[in-house]
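Values quoted throughout were computed directly from the atomic coordinates according to the rules given, and no laboratory measurement underlies them. These figures come from a predicted structure and were not determined experimentally. Neighbour counts are summed over all protein chains in view; Cβ atoms, including those assigned to glycine, are modelled from backbone coordinates with ideal geometry.
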Amino acid sequence: MLNIEIVHFNHFTARKSERYTATHNGLYIVEEGSLTINQPSGEQFELSTGDFILYNSSDLKDASAKPGPFRAIALVFDIHLFTQFKTAHPGIQTECDERRFYPFSAQSNKSIRQLKDALVELAEQQAPQYAQAHTAMALLSLMAEVQPNILSIIDHASTLTASQKAIKYIEDNIEKDITLETLATHMSMSIATLKRRLAAENLSFSHILKVKRINHAATQLRISKNSITQIAFESGFKSAAHFSTAFKSIYSMTPKEFRGQIMK
């Protein structure tokens, strides 16, 4: 997986909280239009064209785009970028434990804007990981200098529980043949220990895998023009028929019906 995944949006639709979600963190950049976001505390603020934030996906659900044209980019950072940042800057501390959004405007620090634009370009080009990582680290450093409280987001992003690590591994390898054995090996624990830790949180590997594959497919049905069969295989299903049955068990409609509703 690349250090940074880039996702383009031409609309913003608040999505329902999905089960077994893995929190994503990175930059959210409004390219056109305006987005109203609620802070976790309930306070509202607005991101306009050119504005951007370091975000936590679990907090970004409560947002809405204003009527009119809207385009945005999300740069989803791999967790290792945040752990590398903390390792490189062990002396940087924040007195704020509250996780919230700290917006940067289109008129903010010139160096920050230039690094942000360079990072978007590198992600678009799928540049080498070291180029993405060093640019992202430099950008985070300057953002933290201007707004030290974003360190609370970085701290939170660099820490995952055992179940979150399992979910993240599934998301990162969604197209592959994922087994309980491969997951346990990745997490450096026995199968019995992994099953016990998941069971302690009322989680099941098989059901997590099914739900995550379906959620990935639902996202692709929303944002891509790929055929339903192609999306089925890219989401790890062995056949379109199996995909359709599994999808309907979660969403109570077929993938074709689901895409039809999105198009409306």
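Can you give the relative contact order of the chain as a percent, counting alpha carbon pairs under 8 Å and 6+ residues apart? Here the relative contact order equals 18 percent.
Taking a straight Cα-Cα cut-off under 19 Å and skipping sequence neighbours fewer than 8 places away in the same chain, the aspartates and glutamates within cross-link reach of LYS110 are GLU31, ASP51, GLU121, GLU145. Quick check: Cα centre of the stretch 177-240 to Cα centre of the stretch 30-53, how many Å? Centre-to-centre (Cα) distance: 32 Å. Applying 1/(1 + (r/R0)^6) with r as the Cβ-Cβ distance of MET189 and GLU5 and R0 = 22 angstrom yields a FRET efficiency of 0.25.
Computed about the Cα centre, the dipole magnitude for the chain is approximately 1080 debye when only Lys and Arg (+1) and Asp and Glu (-1) carry charge, each at its Cβ.
What residues from the stretch 161-181 fall in the zone where the backbone N is under 18 Å from a label point 7 Å along the Cα-to-C-beta line of GLU201? Taking a point 7 Å out along Cα→Cβ of GLU201, the residues of the stretch 161-181 whose backbone N falls under 18 Å are 161-174, 179-181.
Estimated purely from DSSP H runs of n ≥ 4, each contributing -39500 (n - 2.57), the mean residue ellipticity at 222 nm for the chain is -14500 deg cm²/dmol once divided by its residues.
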